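Q: Attaching a single structure in structure tokens format; questions to follow.
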There are 2 protein chains.
Amino acid sequence: MNADQNPARNASATAADAPGAPVIHAIIPAGGAGTRLWPLSRKGRPKFLLDLTGAGRSLLQGTVARLAPLAATTTVVTGVAHVAAVARQLPDLPEENLLAEPAPRDSMAAIGLAAAVIARRHGREAIVGSFAADHLVADAAAFRNAVRQAAALAAADWLVTIGIEATGPSTAFGYIHAGAALDVPGAPDGRRVLGFTEKPDAATAAAYLAAGDYRWNAGMFVVRAGVLLDHLAALRPALAAGIDEIAAAWDAPERDSVMARVWPALEAIAIDHAIAEPVAAAGGVATVPGDMGWDDVGGFDTLAELIAPCQAGPAAGAAVLGEADVEAVDAAGALVASTSGRKVVLLGTPGVVVVDTPDALLVTTPERAQDVKGVVDRLKAEGRDALL
Amino acid sequence: MNADQNPARNASATAADAPGAPVIHAIIPAGGAGTRLWPLSRKGRPKFLLDLTGAGRSLLQGTVARLAPLAATTTVVTGVAHVAAVARQLPDLPEENLLAEPAPRDSMAAIGLAAAVIARRHGREAIVGSFAADHLVADAAAFRNAVRQAAALAAADWLVTIGIEATGPSTAFGYIHAGAALDVPGAPDGRRVLGFTEKPDAATAAAYLAAGDYRWNAGMFVVRAGVLLDHLAALRPALAAGIDEIAAAWDAPERDSVMARVWPALEAIAIDHAIAEPVAAAGGVATVPGDMGWDDVGGFDTLAELIAPCQAGPAAGAAVLGEADVEAVDAAGALVASTSGRKVVLLGTPGVVVVDTPDALLVTTPERAQDVKGVVDRLKAEGRDALL
């Protein structure tokens, strides 16, 4: 990777140009294989490490670049299996800001440990913002505006979540129920959160959309490190104590031994269940709406919409991911993702999804994109580990 | 290849069991890449060398086996590029019966030279039968019956063609127009041929089918070697002289030098135009109907009909060629031909055709199968020779 392709460095340059100072310490939990994107995504090559839109950078690199103008520091939390790949993709990330989980313990332990380390380094007043490594945001300015408002609310000791403007009655996301407006300087759009919902059924989702007070929960949290840790200590004292013990040893020689001893015993629970839901019930959560072209790239159906079809050339009419050697004849709306280097020809197959990798080929349609998970489940059940 | 898989040897065993003696000297022109079956078929791996139905033998091996009960000798004519592959697939074929064309000169030169060599070895009274190397016949007994009747007509000095019972108004074949019945012993179904037609348009094909006197021309000719050579001498004297010069040197040390000098100058013309059509016009061609489950495996549409769908297992409902590792979910009527060794998953794509080879992937439908030729033409125009 040469300097021009280094997203962290480019992002830093952008940060210098952007108005305003850093307002958060960014935490990026980088986990989740993205099984619905098999065979493109694999256990050893998870979704966040992939360039899924032909942008020339992975979703993780895009996330770091997007946060750079806002973040005084960036901390990535990932599984030990992916530490090397993350380090290579983010050459400017300080090694001490790359937290390796010996085993997955869900988002509360990951975000909690990062927040605890940041609190010890930068003080409990420091505002942290946690953002998934494998989402896309089309409108970076709208994203920055939402994060800055969220930071203003966090400075007033709110636990803040950014609520994504629902563009349809999706059943794939949980929803945030927004209540009354809050009067906090620097956060004109801030509202109290009445509660979080699980993924709804279609009728409920339609009702949420009609009501207008519901937003998609994209797992974006902004909060003072000390506020987060205090909530955690009150709600999950054992987990909080374990995290505190690791954080105390993090910048000391004992880090590895303490991590190895304490981490495996930590409770595995999502931050939503551990903190966001009970704190919302107690009236301590605020939200900022974000209409930012957000996408979690949940499957090939989404991907087909994200990649613009070729306007000319042999693959005209089809969306082609990467440098694939594709000829598409009467295949409008088709999606081709090919990493095998082979010649791929579509002939009279509009809308087909073809995912071509060196050891596995998937041919499907956007309508069936969510069923790809079942294929992976079956491969797992059959013990086809090399394909996972 | 072990002895049990040797089709020529198995075929000989069948010949011993079959009623009746050999009635022809078989000639098998093995040419034609089969571009409509790209990327399965290639210039260097033409259709006749492929096992296209999972029968465990190539179309060429199947053709030799089918002719074995009928043939006193078998002669294969192929391009120099394919001599080694043909020799390996047919280990029992005598080397002197494998005729290598230094350059393609169409079917008249190929069949004419084989007939001339057979005439010199076995006499001009010998009956030759010419059959393409890359066709399928489901009903071997019906085929043998038709060839035996054709041989009886040939013994009465007719040029005989076997006419395939038309099962639909195909526009992919030329037609044979059958006239009055002939009264030749051993050929109860023999009829005079009124003429040959080019591939018709759809309306004409429908009219042929309704009339009932038209049969598909599969290029199966049975005739005394001397009769064929006499027709050739009368109709194409220069070509006949060239062929005679090569044949005279065939079983002598001068074979290669004479072949190298004379062959390239021979006229390139199909046997249909050179002999069959003018002789039919003069009343010298007879036909025997054959309702034998014939197929020229002209494309993936045909292939999809020839291969029975899997009844059980992960690929149930789809037709799978070879040992491919396929999972098919809601993909009834799909065809998968995979030689890449990869896992292939079809998910919600009924009727799709997926042809998966190490360096090229084709995704199409039976409706577009005939347009595959255009893909190959474009690759050729682009100079993508490695893919041809």
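The values are calculated or read from the model by the stated rules, or taken from the named source; none is laboratory data. Everything quoted here is computed from the prediction, not taken from an experiment. Using ideal geometry, Cβ is built from the backbone for each residue, glycine included, and neighbour counts are taken over all protein chains shown. Note: areas computed on protein heavy atoms with side chains; ligands, DNA, RNA excluded. Shrake-Rupley method; radii C 1.70, N 1.55, O 1.52, S 1.80 Å.
Q: For the stretch A:37-52 and the stretch B:273-323, what is the centre-to-centre distance using only Cα atoms, to the nearest Å?
A: 44
Q: Stretch A:Ala381-A:Ala233 to full length: gain in nm at 0.36 nm per residue minus the Cα-Cα span?
A: 49.4 nm
Q: Counting partner chain Cβ atoms within 10 Å of every residue's Cβ in B:374-380, what's the average?
A: So the per-residue partner count for this stretch is 2.
Q: In addition: So for the stretch A:3-295, what are the equivalent ellipsoid semi-axes in whole Å, largest first, each being the square root of 5 times an eigenvalue of the Cα gyration tensor?
A: They are 27, 23, 20 Å, listed from largest to smallest.
Q: Looking at the square roots a ≥ b ≥ c of the eigenvalues of the Cα gyration tensor of the stretch B:73-170, which shape do they give, rounded for a/c under 1.5, prolate if a/b is larger than b/c, or oblate?
A: Verdict is oblate for the stretch B:73-170.
Q: Quick check for me: using +1 on Lys/Arg Cβ and -1 on Asp/Glu Cβ, what's the dipole size of chain B about its Cα centre, in debye to the nearest 20?
A: With only Lys, Arg, Asp and Glu charged at Cβ, the dipole is about 380 debye.
Q: Give the percent of DSSP beta bridges with both residues in the protein assembly as shown that are antiparallel, rounded to the nearest 5.
A: Percentage antiparallel, nearest 5: 40.
Q: Let me ask something else about it. Carbon and sulfur atoms: what percent of the 1.4 Å accessible area of the stretch A:3-295 do they account for?
A: Percent of accessible area from carbon and sulfur atoms in the stretch A:3-295: 53.
Q: Another question, if that's okay. Just check the stretch B:343-388 against the gyration tensor rule for me: Cα atoms, a ≥ b ≥ c as the square roots of the eigenvalues, rounded for a/c under 1.5, and otherwise prolate or oblate depending on whether a/b exceeds b/c.
A: Note, shape of the stretch B:343-388 comes out oblate.
Q: Here is a follow-up. Take the stretch B:300-387, compute every pairwise Cα distance, and split them into 5 Å bins from 0; I just need the percent in each bin.
A: 3, 15, 25, 23, 16, 10, 5, 2, 0
Q: Output the 0 to 90 degree angle, nearest 10, between the alpha-carbon long axis of helix A:372-381 and the longest principal axis computed from the alpha carbons of chain A.
A: Helix A:372-381 sits at roughly 80 degrees to that axis.
Q: Still on this structure: How much of B:His273 can a 1.4 Å solvent probe reach, expressed as accessible area in Å² and rounded to 10?
A: 90
Q: Here's something else I'd like to know. Using a 7 Å offset from Cα along the direction of the beta-carbon, what are the separations from B:Ala156 to the same position in each other copy, nm, ascending?
A: Reported distances to equivalent positions: 10.8 nm.
Q: Still on this structure, I have one more. Using the 7 Å Cα-to-Cβ label point, sort the distances from B:Pro104 to its equivalents in the other copies shortest first and give them in nm to one decimal.
A: 5.5
Q: What FRET efficiency do you get for B:Asp251 and B:Ala316 if R0 is 45 Å and r is their Cβ-Cβ distance, rounded to the nearest 0.05?
A: Efficiency, rounded to the nearest 0.05: 0.25.
Q: Pick from A:Ser340, A:Ser257, A:Ser41: which residue has the top mean-square fluctuation in a GNM of chain A where Cα pairs under 10 Å get a spring?
A: Sorting by GNM fluctuation, first place goes to A:Ser257.
Q: Using 1/(1 + (r/R0)^6) with R0 = 22 angstrom and r between the beta carbons of A:Glu198 and A:Gln370, what's the FRET efficiency to the nearest 0.05?
A: 0.80
Q: May I ask you to list the GluC sites (Glu not before Pro) in the stretch B:285-383 that are in a DSSP loop and have at most 14 other Cβ atoms within 10 Å of their Cβ?
A: Sparse-neighbourhood loop GluC sites (Glu not before Pro): B:Glu323, B:Glu382.
Q: List the distances, in nm to one decimal, from the label point of B:Asp201 to the label points of the same position in every other copy, shortest first, placing each label point 7 Å from Cα along the Cα-to-Cβ direction.
A: 5.9
Q: I've got another one for you. Report, to the nearest 10°, how far helix B:106-122 tilts away from the longest principal axis of the Cα atoms in chain B, using its own Cα long axis and a range of 0 to 90°.
A: That works out to roughly 50 degrees.
Q: Could you work out how far helix B:140-155 tilts from the main Cα principal axis of chain B, as a 0 to 90 degree angle to the nearest 10?
A: 20
Q: Once you average over the residues of A:364-373, how many Cβ atoms of partner chains fall within 10 Å of each Cβ?
A: Average per residue, whole number: 3.
Q: Put A:Lys380, A:Lys47 in order of accessible area, largest first, 1.4 Å probe: what do you get?
A: The most accessible residue leads, giving A:Lys380, A:Lys47.
Q: To continue, here is another question. Going through the stretch B:73-146, which GluC sites (Glu not before Pro) have at most 14 other Cβ atoms within 10 Å and a DSSP loop state?
A: Those satisfying the criteria are B:Glu125.
Q: Using the Cβ atoms and a cut-off under 13 Å, what net charge is assigned to the surroundings of B:Met292, where Lys and Arg are +1 and Asp and Glu are -1?
A: My count for the surroundings of B:Met292 gives -2.
Q: Using a probe radius of 1.4 Å on protein heavy atoms only, what is the accessible area buried between chains A and B, both sides summed, to the nearest 100 Å²?
A: So the buried area, both faces added, is about 2600 Å².
Q: Projected onto the charge dipole of the protein assembly as shown (+1 at Lys/Arg Cβ, -1 at Asp/Glu Cβ, origin at the Cα centre), which of B:Thr167, A:Gly290, B:Ala312 gives the Cα projection farthest towards the positive end?
A: Looking along the dipole axis, the top candidate is B:Ala312.
Q: Can you give me the Cα centroid spacing of the stretch B:187-242 and the stretch A:330-388 in angstrom?
A: Cα centroid to Cα centroid, the span is 48 Å.
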